[in-house]
Amino acid sequence: MAAKIRKGDRVVVLAGKDKGRQGAVTKVFPKEARVLVEGLNIVQRHTRASQGDPQGGIKNKEAPLHVSNVAIVDSKGKATRVGFRVEGDKKVRFAKTTGEVIHG
């Protein structure tokens with residue numbers, strides 16, 4: 001199946017504690033169907049002191065979101081579904097709300 005959400009896409013969160021917030025996709029995990037969104041879904045990780053991190057303590061980090069809980073933002077700033085079509089000899093993604101091609 002083709003990737004509807006890719007690295008660099010601007011997305012909005014549809015469900016969860018960050019519902020309604022937007023961010024850019026920094027990493028995609030296709031096998032787990034999850035995406036990492038910059039600055040969203042922050043969780044606290046308790047780390048033990050080690051040679052690499054002698055301080056240890058509580059660290060904040062981004063946790064992956066399921067792809068069903070995010071949607072691409074179109075040019076008007078609204079959440080949209082993604083479709084595929086062939087233009088010339090290339091398969092491109094397009095926003096279902098506006099019909100515009102999604103670059104990225």
Could you give me the ³J(HN,Hα) list for segment 23-33, computed from phi with Karplus coefficients 6.51, -1.76, 1.60 and θ = phi - 60°, whole Hz, x at Gly and Pro? x, 9, 6, 9, 8, 10, 10, x, 5, 8, 6
Label-point separation in nm, Lys78 to Thr47, each point 7 Å along Cα→Cβ: 4.3
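Which of the GluC sites (Glu not before Pro) found in segment 30-93 are in a DSSP loop and have at most 15 neighbouring Cβ atoms, other than their own, within 10 Å? Walk me through the numbers on the way to the answer.
Working: sites: Glu32, Glu38, Glu62, Glu87; in loops: Glu32, Glu38.
Filter output for segment 30-93: Glu32, Glu38.
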Return P(r) of the chain (all Cα-Cα pairs; 10 Å bins starting at 0; whole %; ordered from short to long distances). 14, 39, 26, 12, 6, 1
Of all accessible heavy-atom area on the chain, the percent that carbon and sulfur account for (1.4 Å): 50
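Please compute the per residue accessible area over segment 19-77 with all protein chains in place, 1.4 Å probe, rounded to a whole number of Å². Don't skip to the end; give the middle numbers.
Numbers: 4080 Å² over 59 residues.
For segment 19-77, the per-residue accessible area is 69 Å².
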Filtered trypsin sites (Lys or Arg not before Pro), segment 40-104: DSSP coil and at most 13 other beta carbons within 10 Å: Arg48, Lys76, Lys78, Arg81, Lys96
Evaluated at 37 °C and 0.692 mPa s, the Stokes-Einstein D of segment 55-104 based on the Kirkwood radius over Cα pairs, in µm²/s, stands at 245
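Any of Lys4/Lys61; Lys7/Lys76; Lys27/Lys96; Lys59/Lys90; Lys27/Lys90 with alpha carbons more than 32 Å apart? Name them for me.
Working: Lys4/Lys61 25 Å; Lys7/Lys76 20 Å; Lys27/Lys96 24 Å; Lys59/Lys90 44 Å; Lys27/Lys90 24 Å.
Check vs 32 Å cut-off fails for Lys59/Lys90.
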Tell me the relative contact order for segment 1-84 as a rounded percent, counting alpha carbon contacts under 8 Å between residues six or more apart. 28
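The values are calculated or read from the model by the stated rules, or taken from the named source; none is laboratory data. In this text, all values refer to a predicted model and were calculated from it rather than measured experimentally. Reconstructed Cβ throughout: ideal geometry from the backbone, glycine too, with neighbour counts over all protein chains shown. Calculation scope for accessible area: heavy atoms of the full protein, side chains included, ligands and nucleic acids excluded. Shrake-Rupley method; radii C 1.70, N 1.55, O 1.52, S 1.80 Å.
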